[in-house]
Amino acid sequence: MKKLLTIFLLSFCVLNGSFAQESNDSISIYYPEDKDFGVTVNVSGLINSISLGPNRDLVNSNSLLLRYKHNQNITYRLGIAPNVYRYREQRTDSIGKDLVEFDSTASQSKVSFRPGVEFHLRGTKRLDPYVAVDAEFGVIGKMNSNSTSNVSDTTGTSRIVRTITEDGGFTVGAKLSLGMNYYFAQKLFFGVEYGLGLSNIITGGDRQEVAQFEPVSGANVITRDLSSTRTSNLNFIVDPMVQITFGYFF
């Protein structure tokens with residue numbers, strides 16, 4: 001990891017320094033104009049299997065990365081990572097002469113926002129080095145889980161309905177990155193970026209589990225179990241490899 005970071009930093013400094021004498025007039029030929037918007041995606045795979053994918057936030061969720069060029073030196077950017085999780089399982093089985101039917105669902109949603117700013121250094125007419133600082137905050141919704149279990153025999157059908165709800169939480173973090181964009185056509189670029197960050201994920205709170213028993217005969221029975229659990233997870237994050245990006249300003 002240290003070797004990879006050292007190589008990247010050396011490349012960053014050499015490329016920036018070796019072309020620093022070029023005039024700023026040539027930069028405008030390929031660079032986006034002030035007030036332009038841009039979209040950036042990640043590039044992965046080898047030459048014969050290159051694919052484009054979304055950026056990742058600090059908790060490794062897919063995000064859309066937008067850029068806005070304020071002026072020659074400053075570009076604002078915003079990562080948005082909506083995430084909706086939904087799981088369903090349906091199963092039918094038999095125990096002796098009894099038919100057992102099971103239906104379960106679980107869902108949770110979360111969204112994070114990653115506002116940041118890029119400070120662009122003096123480059124060439126195609127090479128654009130920068131230092132980026134990002135903040136990140138997100139909201140994790142409640143986890144809702146429901147399951148129904150039916151057991152049928154010659155006397156009828158009994159049922160167990162279970163509902164579980166758990167509080168969500170939130171995330172906060174920050175990241176520092178070094179990057180370079182290479183404009184091979186007007187407003188169209190390939191880039192590299194490498195960074196490190198810190199994130200804190202706080203989840204949990206109240207938890208409620210309600211179970212309703214519906215026998216073949218007799219009265220229904222309802223039980224309710226209340227508890228509370230809260231966790232905090234602090235992570236120091238270093239990019240496992242240099243991120244290769246592709247983007248366009250319009």
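Please treat every number below as a calculation from the coordinates, not as lab data. Keep in mind the model is a prediction, meaning the values are calculated, not measured. A quick note on method: Cβ atoms are made from the backbone with ideal geometry, for glycine too, and the neighbour counts reach across all protein chains shown.
Some notes on this structure:
- Electrostatic tally near Asp57: other residues with Cβ closer than 11 Å to its Cβ, Lys and Arg +1, Asp and Glu -1, net +2.
- Top of Tyr194, Tyr87, Tyr68 by mean-square fluctuation, Gaussian network on the chain, Cα under 10 Å: Tyr87
- According to the calculation over all Cα-Cα pairs in the stretch 134-210, the P(r) per 5 Å bin from zero is 3, 11, 12, 10, 9, 10, 8, 8, 7, 6, 6, 4, 3, 2, 1, 0 %.
- Sequence-separation-based contact order of the chain, relative, with Cα cut under 8 Å and 6+ spacing, percent: 18 percent
- Radius 15 Å from Cβ of Lys175, net charge of other residues (Lys, Arg +1; Asp, Glu -1): -3
- Viscosity 0.890 mPa s, 25 °C: Kirkwood-radius Stokes-Einstein D of the chain over Cα pairs, µm²/s: 112 µm²/s
- Computed over the chain with a Gaussian network model linking Cα atoms closer than 10 Å, the most mobile of Ser63, Ser107, Ser228 is Ser228.
- Helix 2-18 axis versus longest C-alpha principal axis of the chain: approximately 40°, rounded to the nearest ten.
- Against the empirical curve 2.2 N^0.38 Å, the C-alpha radius of gyration of the stretch 54-133 lands at a ratio of 2.02.
- Spin-label model distance (nm) - Ser51 vs Arg224, 7 Å beyond Cα toward Cβ: 4.7 nm
- Radius 10 Å from Cβ of Ser104, net charge of other residues (Lys, Arg +1; Asp, Glu -1): +1
- Treating r as the C-beta distance of Ile29 and Ile237 and R0 as 22 Å, the FRET efficiency rounds to 0.05.
- Note on the chain: with a GNM built from Cα contacts shorter than 10 Å, the maximum mean-square fluctuation among Arg122, Arg207, Arg159 falls on Arg159.
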